[in-house]
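The values are calculated or read from the model by the stated rules, or taken from the named source; none is laboratory data. Quantities reported herein were computed from a predicted structural model and do not represent experimental measurements. As a convention, Cβ positions derive from the backbone with ideal geometry for all residues, glycine included, and neighbour counts pool all protein chains shown.
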Amino acid sequence: MDFLIIAYPWIKSAHVVSVIAWMAGLFYLPRLFVYHTERGQGRGEFEELFGVMENKLLRFIMNPAMIATWIFGLAMVATPGMIDWSAAWPWIKAVAVFAMTGFHMWCARHRRLLANGVYTREGSYYRKMNEVPTLLMLVIVVAVIARPF
């Protein structure tokens, strides 16, 4: 456990970098869904281009960043004395992180649907869903930094 205390600033730094990469993907993938749905549907060349972009973003950026975020986050949680579990903020953050992970899974599901040519939603739906990670990010940042609860 002494190792975690000594390494805490490095673990926290790696966590923040991972979160930034993950959030970038969570902001961009639903936007790609908008373009895929509105401009790619029925146009083989564009459909394929959007499919490749979505797949690479999810597999090579978002998935590794999410995994790294969880690993470094759990390492911070495991560091003795760093989190006051009697306060509300770590619990609020935890719920929001689980929700963010759920949104990630939602993105993966819709990427598969679009890759298979299943267009069940319009671009406006994906535009609205694109706001979900922003709202969750605000909850997490306020809970961790301002700690109003």
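Spot the failing condition for residue 31; the list is (1) over 21 Å from residue 114 (Cα atoms); (2) within 15 Å of the chain's Cα centre (by Cα); (3) of a type outside the set (S, T, N, Q), and only one is missed.
Every listed condition holds for residue 31 apart from (1).
Looking only at residues that are β-branched (Val, Ile, Thr) and under 24 Å from the mean Cα position of the chain (by Cα) in region 1-28, which one is farthest from residue 129 (Cα to Cα)?
Among those residues, the one meeting the criterion is 11.
Output yes when any residue across region 126-134 is of a type in the set (S, T, N, Q), over 19 Å from residue 37 (Cα atoms), out of contact with any Leu (no Cβ under 8 Å at 6 or more places or on another chain) and surrounded by fewer than 15 Cβ atoms within 10 Å (Cβ to Cβ), and no when none is.
yes
Has region 82-95 got any residue that is surrounded by 16 or more Cβ atoms within 10 Å (Cβ to Cβ) and of a type in the set (Gly, Ala, Ser)?
Taking every residue of region 82-95 in turn, none turns out to be surrounded by 16 or more Cβ atoms within 10 Å (Cβ to Cβ) and of a type in the set (Gly, Ala, Ser).
I need the full set of residues from region 34-74 which are more than 17 Å from the chain's Cα centre (by Cα) and of a type in the set (Gly, Ala, Ser), in order please.
40, 42, 44, 51
Restricting the first residue to region 73-94 and requiring it to be under 20 Å from residue 137 (Cβ atoms) and touching a residue at least 40 places away in the same chain (Cβ under 8 Å), which pairs with a second residue that is surrounded by 13 or more Cβ atoms within 10 Å (Cβ to Cβ) and of a type in the set (Gly, Ala, Ser) meet a Cβ separation below 6 Å and a spacing of at least six or different chains?
From region 73-94, the pairs are 89/143; 92/143; 93/143.
Do we find that residue 62 is closer than 28 Å to residue 3 by Cα and touching a helix residue (DSSP H, G or I) at 6+ places or on another chain (Cβ under 8 Å) in this structure?
For residue 62, the condition - closer than 28 Å to residue 3 by Cα and touching a helix residue (DSSP H, G or I) at 6+ places or on another chain (Cβ under 8 Å) - is not met.
Does region 36-66 hold any residues that are under 18 Å from residue 109 (Cβ atoms) and among the aromatic types (Phe, Trp, Tyr), and which are they?
Answer for region 36-66, where residues must be under 18 Å from residue 109 (Cβ atoms) and among the aromatic types (Phe, Trp, Tyr): just 50.
Which condition breaks for residue 82 when tested against (1) modelled with pLDDT under 95; (2) within 18 Å of the chain's Cα centre (by Cα)?
The failed condition is (2).
Is it fair to say residue 47 is surrounded by 14 or more Cβ atoms within 10 Å (Cβ to Cβ), among the acidic types (Asp, Glu) and at pLDDT 95 or above?
Here the answer is no, as residue 47 does not meet what is asked.
Residues of region 23-38 being crowded, with 19+ Cβ neighbours inside 10 Å and free of Cβ contacts under 8 Å to residues at least 40 places away in the same chain, which ones?
32
Failed condition for residue 50, given (1) farther than 29 Å from residue 5 by Cα; (2) without any contact (Cβ under 8 Å) to a residue 40 or more places away in the chain, with all others met?
Going through (1) farther than 29 Å from residue 5 by Cα; (2) without any contact (Cβ under 8 Å) to a residue 40 or more places away in the chain one by one, residue 50 breaks only (2).
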